[in-house]
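Worksheet: the structure to be examined is printed underneath.
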Amino acid sequence: MTERKNAWRDPLRFAMNARPGKAGTALLFAALMAAFCLLAGKLCAGMEGALVIAACGTLGAAILTAFAWRALGGEDMPVLVLLCTAALAMLAVGAHLALLDVKPGRYTKVLEPMLTDMWNYELVTAMAWEDGAWSGMHLIVMALLSRIEHFSWLYAVKLFDLLCQCVAAGAVLRLALQRGAKVYGALAAMFACVLAPTMLENAGVWAQSDATFAMLTLWGLALLLDDHPLAGCVLWGLALGTKLQCAFLFPLLIVLFMKNRVQLRHILALAAAAFLCQIAIVLDGQGLTSLVTRYAVQLEDARWELGLSDGMPNVYKLMNVASTREFSGMGLYLGIAGALLVVAALLRTRRDLTNDTLLLGALLLACGLPLILPQMNARSWYLAGMLAFACAGNARRMIAAGLIEFISLCAYMASIFGFDVVPAVPLALMAIGTAVLVLLELLDAILQKKDGEALRA
């Protein structure tokens, strides 16, 4: 009787505090997504393929909302909380849709000519495009997009990246929960991955597609930490066949192997997935050698075309004169040595390795290696940015995440617009300081016993 009286007296408050249950949650979800689709369709009415844009935007909002509601335990939460998280998901997607009409020079000079040329060839040939800057899933996606007619290729590239970024944000949510974060902190990390300026600029302003390899890498890491080594290694294999930067996290495989969490067959599955991801190169008749050496060709071309740094504020920005011939090899050796030091520190600790410690190790590898390795570009901290959001659980980690985002944004501004927000040398020093901050946090996690689920020995 009391509940009925409250419902009649203040129906809005009663409705916002109600727990909808499973059926009510499903109906609310469907109603919200339908409303967003109609609104997006109306706002995009003057754009080419408005219905497709609205459908893709709705799918992205649905992905984010589903991840958020599942983490919250949807049917047990008040309607107001569900509405707020859905509104955040719609806002994030809307921010990306607002940038669809931005046509960067990279699209005009690189993507559009490549898609036009791909359209003139068979699909298999397009998937094995002989361009050293592309490989794996990127080529497969671009080849499929080249078959699209009566719809803007620019929109297609950005919408695909939007969907990948939403799925990658779900992986960040899961990683944050795995390290022991509270639900609302994990949700903040997820939404930061789609609302951060660098995440918006990557595809919306630059027409890049780094979310593809980040999605595969982060979900692979989440599955590895959740005792699904085969699925995790397969995803890492697909990521390896897509972009070499995912290999920043591969030293963790040594730790997981030594802790009996990963077996040799899982690593072989990783190699097989990377091979199958680029099998079109062999089917097109270019030969197995072309498949195996594609990344070597990319690195060799970058070595002479880009020099030691392609916009990444790393140690080479501190050098007035540096020989590409000498420091390219030295940087590679130092990067390998640094990665092995992280592995040794994780293996030598007498404390139980928690998921939190392993995530900090992954973050240190992702943000530290680009500072040492040569030919790193302005987007080399894309993966580190997402991992930083997943790890941000105290003041020092939040500062590190903020610095990674700020430094990446400065690098983006210099590469896209030619505008130096901060001079190169101070920015490089800030980047090195950020890596040291992450290192200190990792040392604390190794040397001090942390609460949480321990890694099985």
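The values are calculated or read from the model by the stated rules, or taken from the named source; none is laboratory data. Predicted, not measured: the structure shown is a model, and the values here were computed from it. Note that we place each Cβ from the backbone using ideal geometry, even for glycine, and neighbour counts take in every protein chain shown. Note: areas computed on protein heavy atoms with side chains; ligands, DNA, RNA excluded. Shrake-Rupley method; radii C 1.70, N 1.55, O 1.52, S 1.80 Å.
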Descending packing, highest mean Cβ count within 10 Å first, for 268-280, 52-64 is 52-64, 268-280
For region 198-277 the mean separation of alpha carbon contacts under 8 Å (6+ apart) over residue count, i.e. relative contact order in percent, is 30
In terms of the charge dipole of the chain, which places +1 on Lys and Arg and -1 on Asp and Glu at the beta carbon, the residue among V172, Y155, W206 farthest towards the positive end is V172
Excluding ligands, DNA and RNA, the carbon-plus-sulfur percentage of the accessible area of the chain with a 1.4 Å probe reads 65
Cross-link reach from K259 to aspartates and glutamates, straight Cα distance under 20 Å and at least 8 residues apart if same chain, gives D226, D227, D352, D356, D451, E453
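What does the highest-first list of 327-333, 21-27, 369-375 look like by mean Cβ count within 10 Å?
Output ranking for 327-333, 21-27, 369-375: 369-375, 327-333, 21-27.
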The correct pair for region 21-105, radius of gyration to one decimal and Dmax as a whole number, both in Å and from Cα atoms, is 13.9, 49
Subtracting the Cα-Cα distance of A337 and I148 from 0.36 nm times their residue separation yields 63.5 nm
Placing +1 on each Lys and Arg Cβ and -1 on each Asp and Glu Cβ in the chain, then taking the dipole about the Cα centre, the residue among L365, V93, N355 whose Cα reaches farthest towards the positive end is N355
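Kindly rank 206-213, 232-239, 30-37 from highest to lowest mean number of other beta carbons found within 10 Å of each residue.
The peptides rank, most packed first, as 232-239, 206-213, 30-37.
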With +1 on the Cβ of every Lys and Arg and -1 on the Cβ of every Asp and Glu, the dipole magnitude of region 198-277 about its Cα centre, in debye rounded to the nearest 20, is 280
Rounded to 0.05, the calculated FRET efficiency for the beta carbons of L264 and A296 at R₀ = 30 Å is 0.75
In Å³ per residue, the alpha-carbon convex hull of the chain encloses 164
One computes Rg over Rh for region 264-410 from alpha-carbon atoms, with the Kirkwood Rh, and obtains 1.02
For M376, other-chain or 5+-apart residues with amide H closer than 5 Å (H placed, Pro excluded) are D310
Restricting to Cα pairs under 8 Å and 6 or more apart, the percent relative contact order of the chain works out to 14
Net charge near M190 (other residues with Cβ under 14 Å of its Cβ; Lys, Arg +1; Asp, Glu -1) is +4
Beyond 29 Å (Cα-Cα) in this structure, taken from K182/K243; K243/K317; K42/K103, we find K182/K243
With -39,500 (n - 2.57) per DSSP H segment of 4 or more residues and division by the full residue count of the chain, the 222 nm estimate, nearest 500 deg cm²/dmol, is -22500 deg cm²/dmol
Treating only Lys and Arg (+1) and Asp and Glu (-1) as charged, each at its beta carbon, one finds that the chain has a dipole about its Cα centre, in Debye to the nearest 20, of 1500
Trypsin sites (Lys or Arg not before Pro) in region 170-206 lying in a DSSP loop, each with at most 12 other Cβ atoms within 10 Å of its Cβ, come to K182
Among the DSSP H helices of the chain, those whose Cα atoms extend at least 24 Å along the helix axis and whose mean Kyte-Doolittle hydropathy is 1.6 or higher are 50-72, 79-97, 355-372, 424-447
In terms of the charge dipole of the chain, which places +1 on Lys and Arg and -1 on Asp and Glu at the beta carbon, the residue among P251, A222, L43 farthest towards the positive end is A222
With Rg from the Cα atoms and Rh as the Kirkwood inverse mean 1/r over Cα pairs, region 339-457 has an Rg/Rh of 1.01
Regression test value, accessible area per residue of region 279-406, probe 1.4 Å, units Å², expected 45
Working note, region 218-345: Cα radius of gyration (Å, one decimal) and Dmax (Å, whole number) are 17.0, 48
